[in-house]
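Read-outs: derived from the displayed coordinates by stated rules, not from any lab. Just so it is clear, the model here is predicted, and its values are computed rather than measured. All Cβ positions, even for glycine, are placed from backbone atoms using ideal geometry, and neighbour counts span all protein chains on display.
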Amino acid sequence: MAVARRNFDAVVVGAGGAGLRASLQLAEAGLSVAVLSKVFPTRSHTVAAQGGIGAALGNMGEDSWLWHMYDTVKGSDWLGDQDAIEFMVREAPKLVYELEHFGMPFDRNENGTVYQRPFGGHSQNFGERPVQRSCCAADRTGHAMLHTLYQRNVRARTQFFVEWMALDLVRDAKGEVLGVTALEMETGEVMVLHARATLFATGGAGRIFSSTTNAFICTGDGLGMAARVGIPLEDMEFWQFHPTGVAGAGVLITEGVRGEGGYLLNKGGERFMERYAPNLKDLASRDVVSRAMATEIKEGRGAGPHGDYLLLKLDHLGPEVIDKRLPGIREIAKKFADVDPVKDPIPVVPTVHYMMGGIPTNYRGEVVVPQGGDPEAVVPRFYAAGECACASVHGANRLGTNSLTDLLVFGKAAAESMIKFLQENPGHKDLPKDAAERTQARLARLDGQKNGESVAEVGMEIRRTMQAHCGVFRFPDMLAKGVKKIREIADRATRTQVKDKSRVFNTARVEALELDNLIEAARASMVSAEARRESRGAHDRADHHSRDDANWLKHTLWYKDGDRLEYKPVHMKPLTARSIEPKVRTY
Amino acid sequence: MNMTNVEMNRLRWSCRRGLLENELVLERFLHAHAASLEGERLAAFRTLLDYSDDELWSLVSGRRECGDPALGEVVELLRNC
């Protein structure tokens, strides 16, 4: 069947912070740019970012990109690539000033400069004392940034394809990327968007976990599309967790609750943190509390019908203290846990909120894969930026505020690389005849499936399995079983069925297509985590408590084909600075 | 008149937001009130869906009061979801 086709200089998939920063650069360079987004651009998940943008402006006291670099490398537990990190922290101040000139409503100091807020993990003079480095717009920095960038894009005449879902990458016989196939939800029709260069800015895949702070759209679409055409996914075992998200909902309960005297109970009503941290108890650090919670659940002391959460008790504080010192908590608990914490404990569980891994890129935003002895050969015409990409600046754990920095810096860097490439390589390459074949086969399979699997049930199984087997604290037996289970679920995912076969705005069909992406992200995470026999950053194993630089100072690459794993070296050499040598990570 | 399947799907998709808190509330709202969504109530709901995530959550969580009397009923229903 013939598939309609449109030509663009550049196609950008995703309209969050990275996609919009990139498309702005491309459109202002006079290129024809199509930006595809499943939802209206200002409803992208970037709006949820509250912390701010990390950049060493030095507005609140002395600061240096070298110190920001040190904090980022240390935060990454030395798995971050030091050339990419140097690039990001040196570019960051310029990108913040650009955003200021675009009209971003930053908070200000009395002297008119951008105010910078303190944030954990940021220091002066290589860890000596805290520094204020986070540029923010109250608690809605992501929201303000997204709206600012969207307005700028409208001005630059970027073409938006809203409520379009990219389905598959188009690669020719040489492996060059020539655009994407995409579904227009309104009509249900598939189109080939033929591009001279393609950028993925599709965000994270937090929806593979049952407890996640991520919005419903975060289904790892870029990861699935890349994996299906043989591009590996890097460092997918590294997921950042917060100890207390409302079980089943994912909405965060601030750490202030424990600070004010709230504490955790298991199903027997035992204050279990007394066993794990006799002195600090519930005020121990995030990883200690999360690990204790995971152990309680693993050993059968979790509460609830599935024994998969713990209870956060604060009724003993009394309604006055709760209302006065913890505003909003009662509302969130009532709304999302259906309990009034004045009377009953809140069910909580360690909750995923950021994916450190993704599509492997260099610091120029070019997608790179091992080829002919080169661990990082460029995939021509293919770029990635933001949470879906692994540059890698976050390594094994992301430093707070660096996610927005990442979006801005690498969104722009990828666009600059695309502009340069397009100047040197005029004209479109011919599309292969089978450009839409993979997509048409997927849709035909879905439309024709009989006696198939329910999309909702398979999705639930993915989330439950990831949460139980690949959570914040990882046990070797659970990981091994998890690999087996996720492969079984992957097999079921090839037989999903939707009852509604209609074309126009068929959301059931869209959700089935999203599931094809979720399962790849889940398999990559589980298999990579099972194989990495050390603890580093956010990957915490019960059988290997320490970081093992002799054997594991390397990036994981997972290939969909046979769940194959390869590894590649970490870039320890920055662009110009001195290398920051690994040492024990203490705060 | 009740909405067609397609109209309902469009409305459901508009409830996909950048902020999880809003999505969870909107999902429950549709579960509870989809059948009675018509006329002024539907128009009010659509207006609220055009709000930014930040504005919507401020209203739903009670951090801000709704200045528009035409939206008051639906805001109240959302707060109770």
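A compact table of results
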quantity: Model label zone, A:Thr586; criterion: amide N under 16 Å from point 7 Å along Cα-to-beta-carbon; scope the stretch A:541-555; calculated: A:546-547
quantity: Computed helical MRE - 222 nm, chain B, DSSP H runs ≥ 4 contributing -39500 (n - 2.57), nearest 500; calculated: -18500 deg cm²/dmol
quantity: Set A:Lys298/A:Lys560; A:Lys335/A:Lys481; A:Lys38/A:Lys499; A:Lys450/A:Lys481; A:Lys74/A:Lys568 screened for pairs whose C-alpha atoms are more than 26 Å apart; calculated: A:Lys298/A:Lys560; A:Lys335/A:Lys481; A:Lys450/A:Lys481
quantity: Ellipsoid equivalent to chain B - semi-axes via the Cα gyration tensor, in Å; calculated: 19, 15, 11
quantity: In nm, spacing of pseudo-spin labels at A:Phe126 and A:Asn279 (7 Å Cα→C-beta vector); calculated: 2.8 nm
quantity: Relative compactness, the stretch A:450-587, computed as alpha-carbon Rg over 2.2 N^0.38 Å; calculated: 1.32
quantity: The stretch A:10-84 - Kirkwood radius from inverse mean 1/r over Cα pairs (Å); calculated: 15.1 Å
quantity: Rg and Dmax of the protein assembly as shown, Cα atoms only, in Å; calculated: 23.9, 70
quantity: From phi via Karplus (6.51, -1.76, 1.60), per-residue ³J(HN,Hα) for the stretch A:304-314 in Hz, x at Gly/Pro; calculated: x, x, 9, x, 10, 8, 10, 10, 9, 9, 9
quantity: Residue-averaged [θ]222 nm for chain A, counting only DSSP H segments that reach four residues, each worth -39500 (n - 2.57); calculated: -11000 deg cm²/dmol
quantity: Segment A:Asp549-A:Ala531, extension gain: residue separation times 0.36 nm, minus the distance between their alpha carbons; calculated: 5.0 nm
quantity: Loop GluC sites (Glu not before Pro), the stretch A:12-116, which have at most 16 other Cβ atoms in a 10 Å radius of their Cβ (DSSP); calculated: A:Glu62, A:Glu110
quantity: Calculated FRET value between A:Asp430 and A:Phe102, using beta carbons and R₀ = 41 Å, to 0.05; calculated: 0.60
quantity: Low-density loop cleavage sites - trypsin sites (Lys or Arg not before Pro) in the stretch A:225-290, where at most 15 other Cβ are within 10 Å (DSSP); calculated: A:Arg271
quantity: Other-chain or far-sequence residues with amide H under 5 Å of A:Val367's (modelled H); calculated: A:Val379, A:Phe382, A:Tyr383, A:Ala384
quantity: Beta bridge orientation in the protein assembly as shown: antiparallel %, DSSP, nearest 5; calculated: 65 percent
quantity: In chain B, GluC sites (Glu not before Pro) in a DSSP loop with at most 13 other beta-carbon atoms within 10 Å; calculated: B:Glu38, B:Glu65
quantity: Cα centroid separation - the stretch A:1-24 against the stretch B:1-73, whole Å; calculated: 29 Å
quantity: Which of A:Thr295, A:Met60, A:Gln449, positive extreme of dipole for chain A (C-beta unit charges); calculated: A:Gln449
quantity: Equivalent ellipsoid dimensions for the stretch A:367-416 as semi-axes, Å, which come from the Cα gyration tensor, largest first; calculated: 22, 14, 6
quantity: Selection from A:Asn397, A:Leu317, A:Pro380, by position along the positive dipole direction of the stretch A:274-405 (Cβ); calculated: A:Leu317
quantity: Percent of C-alpha pairs per 10 Å bin, the stretch A:386-484, short to long; calculated: 11, 18, 26, 30, 15, 1
quantity: Only Lys, Arg (+1) and Asp, Glu (-1) charged, at Cβ; the stretch A:300-447 dipole about Cα centre in debye; calculated: 120 debye
quantity: Averaged over B:40-49, number of beta-carbon atoms from partner chains that fall within 10 Å; calculated: 0
quantity: Relative counts (whole %) of C-alpha pair distances in the stretch A:1-138, using bins that are 5 Å wide; calculated: 2, 9, 15, 17, 17, 15, 11, 6, 3, 2, 1, 1, 0
quantity: Pair-distance profile P(r), taking every C-alpha pair of the stretch A:207-364, with 10 angstrom steps and integer %; calculated: 10, 36, 30, 15, 8, 1
quantity: Table column - 3J(HN,Hα) (Hz), the stretch A:92-104, Karplus curve with 6.51, -1.76, 1.60, x for Gly and Pro; calculated: 3, x, 4, 5, 5, 5, 4, 5, 4, 5, 6, x, 4
quantity: Neighbour net charge for A:Glu163 - beta-carbon separation under 10 angstrom, K R +1, D E -1; calculated: +1
quantity: Label-point separation in nm, A:Arg157 to A:Glu62, each point 7 Å along Cα→Cβ; calculated: 5.0 nm
quantity: A:Glu457-A:Thr113 pseudo-label distance in nm [points 7 Å out on the Cα-to-Cβ vector]; calculated: 6.1 nm
